[in-house]
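Some notes on the structure that comes next.
What follows draws every value from the coordinates through simple rules; no lab data is involved. Computed from a prediction, not measured in an experiment: that's the story for all the values here. Every residue, glycine as well, gets a Cβ built from its backbone with ideal geometry; the counts of neighbours run over all protein chains shown.
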Amino acid sequence: MNLETRRPEKEGTESLIERVIGAAIRVHTELGPGFLESLYEEALAIELRSLGLQFERQKPVPIFYRGQPIGQHRVDLLIENAIVVELKATTALEKVHFAILRSYLKALGLSDGFLFNFAATRLTIKRVGREFHSRPIEEDISF
């Protein structure tokens, strides 16, 4: 687990989202497709650090069943304790990727998450939200 300690001034969620997406676009523009997820994670960490954003890499998330801990999972990035980012380097995103991200959001009590797929010629960005009393949100973002 790598906790970055720099904290920017409080900013709105949408402004934070724009900065995170911009960082992912810079990584994809520089590296292009064809690398392992871990390399994109490292490069994105460099970008986030340069923006002064607080983030944790490979953050452990405890999983409970009926109030009992049953194990843990790890999210690729938790940014500003507000946004979960899952990185992929695959030919196509599958429904299970969205389901996993929604599970992370639920476990962390958060509502904003992103899937970034670096394997495509053009970076794939999917915004995934979790509404607390209705069905989840999935949104394509194009740049």
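For I70 and L36 in one chain, what is 0.36 nm times their gap in residues minus the Cα-Cα distance, to one decimal in nm? Provide the component values of the computation, followed by the final result.
On the way: separation 34, 0.36 × 34 = 12.24 nm, distance 2.94 nm.
Contour length minus Cα-Cα distance gives 9.3 nm.
Residues of the range 103-129 falling in the label zone of S50, defined by backbone nitrogen less than 19 Å from a point 7 Å along Cα to beta-carbon, are 118, 123. Peptide packing: for 68-80, 15-27, the average count of neighbouring Cβ atoms within 10 Å per residue gives the ranking 15-27, 68-80, highest mean first.
Taking a point 7 angstrom from the Cα of R127 along the C-beta vector, which residues in the range 76-91 have backbone N less than 15 Å away? Correct set: 83-85. This ranking places F64, F55 by how few other beta-carbon atoms lie within 10 Å of each, fewest first, which gives F64, F55. The simple spin-label model puts a point 7 Å past each Cα toward its Cβ; for S15 and K106 those points are separated by 3.3 nm.
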